[in-house]
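Below is one structure, written out as structure tokens; the observations come after it.
Every number here is computed from the coordinates shown, using simple stated rules; none is lab data. The shown structure was predicted, so the numbers you read here are calculated from the model rather than taken from an experiment. When we count neighbours, we look across all protein chains shown, and the Cβ atoms used for this are built from the backbone with ideal geometry, even at glycine.
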Amino acid sequence: MMYYPPSIRDLIKNITRLPGIGEKTAERLALHILHAPREQAQALAQSIMALKDNIRRCKRCFGLSDTEVCRICSNPKRDGARLCVVELPADMISIEKSGAFFGVYHILDGALSPMDGVGPDDIRIRELVRRVAAEKIEEVVVATNTSVEGEATATYIYQRLKDTGVKVTRIASGIPMGGDLKYVDQLTIKRALDSRHAI
Ligand SMILES: [Zn+2]
């Protein structure tokens, strides 16, 4: 590292902050950028800043979006009667990739974890209850992770919604216990969704 001039050293240092990237890889990427055409480096820098400037949360589902309402929520072909509840935006992307779900989403931004001080008011439960009351939703598919926190969240959601008359289902078998949705393969997600059951 110390053999490099400061500009290269800084870039290496910043790239190393990315997950899963060690110093060797960072060095290789920094040198690649150094030798790449100026436009390529500029495009990389610009797309990073555009991401920071443009990406916000959809005001309806809290998914990632460039616009106020995301393209899933604003797509008339999606089934607004089926609402899939997930912990994080990345989980929603995993389900979308599986191609098994045609409804809309609700992102909680976490899961209940009393041990870590995360209660219902710290995740978007209130917004979920509000949506169920305001929108024409027939089924809430709870697709939180199969971790202890994810299961506790699913149970809590069921408790909160059970008197609303809306059907609450849970994604089924196939997702291993402790499973994190974003690492589960698409076929498994599709099977888990297809065989969801009432809580
Ligand atoms: Zn949305």
Would you mind classifying the stretch 53-199 by shape? Square roots of the alpha carbon gyration tensor eigenvalues, ordered a ≥ b ≥ c; an a/c under 1.5 is rounded, otherwise it is prolate if a/b is larger than b/c and oblate if not.
rounded
Spin-label pair Ser7/Lys77, simplified geometry with 7 Å Cα→Cβ offset, distance in nm:
4.8
Part-to-part distance (alpha-carbon centres) for the stretch 133-175 and the stretch 52-89, which is given in Å
18
So how do Asp180, Asp10 line up by other beta-carbon neighbours within 10 Å, fewest first?
Asp10, Asp180
Cβ crowding within 10 Å averaged over residues, with 155-161, 105-111 ranked highest first:
105-111, 155-161
Counting DSSP beta bridges in the chain, what percent are antiparallel, to the nearest 5?
30
